[in-house]
Amino acid sequence: LSVPLQLAAFVSFVCFAASGSPGAYTALAVMEAVITALFFLLYLLKLDKKLSWLFWPLADIFNSVIAALFLLIVCLFAVIIKTNKGTLAGGVFGLILLVLCVVDAVLLSKKISLGRPRGRTTAAK
């Protein structure tokens, strides 16, 4: 799910940057794209196994929830104020990014196995 998150964050950033929106709009979109890319690289390079001192899926959920809260505030302001069409488009893509962050947090929370054995639960035949 990180590729759609990165794509929505990038499109939101481009819309905000092209419209000359205040720095908070563009900074939030860039920050979410960078953090999502870092988590993607972490899982892709399997660094979460090597850096086992932190429970990375929980950190990823925490990132998604905090990003969703910030996106809710900032993108609602962008949609309500809509100084120009670029700000409005960036706000709409930011709200799409908000939904993707919530979906990411829900899917990750379902994958976490606290107190259960990790791996497959079916016995091999």
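The values are calculated or read from the model by the stated rules, or taken from the named source; none is laboratory data. Predicted model only: the values in this text are computed from it and were never measured. Positions of Cβ are backbone-derived with ideal geometry, glycine not excepted, and every protein chain shown enters the neighbour counts. The area values use the complete protein model at the heavy-atom level, side chains included, leaving out ligands, DNA and RNA. Shrake-Rupley method; radii C 1.70, N 1.55, O 1.52, S 1.80 Å.
Here are a few things to note about the model shown:
- In region 69-86, the residues that are more than 18 Å from Glu32 (Cα to Cα) form Cβ pairs under 6 Å with partners that are of a type in the set (Gly, Ala, Ser) and open to solvent by less than 40 Å² (accessible area, probe 1.4 Å), at six or more places apart or across chains, as follows: Val79/Gly91; Asn84/Ser19; Gly86/Ser19.
- Checking each residue in region 81-94 for being in a helix (DSSP H, G or I) and either among the small types (Gly, Ala, Ser) or surrounded by fewer than 19 Cβ atoms within 10 Å (Cβ to Cβ) (or both) picks out Ile81, Lys85, Gly86, Leu88, Ala89, Gly90, Gly91, Val92, Gly94.
- Of the helices (runs of 4 or more DSSP H) lying entirely inside region 1-61, the ones with 1 or more residues being farther than 20 Å from Leu108 by Cα and in contact (Cβ under 8 Å) with a residue 40 or more places away in the chain are found at 2-19, 23-44.
- Candidates in region 20-30 are the residues that are over 15 Å from Val3 (Cα atoms) and surrounded by fewer than 20 Cβ atoms within 10 Å (Cβ to Cβ); of these, the one that is nearest to the chain's Cα centre (by Cα) is Ala27.
- Of the residues making up region 58-80, those that are buried (at least 19 other Cβ atoms within 10 Å of the Cβ) and within 14 Å of Thr26 (Cα to Cα) number 5.
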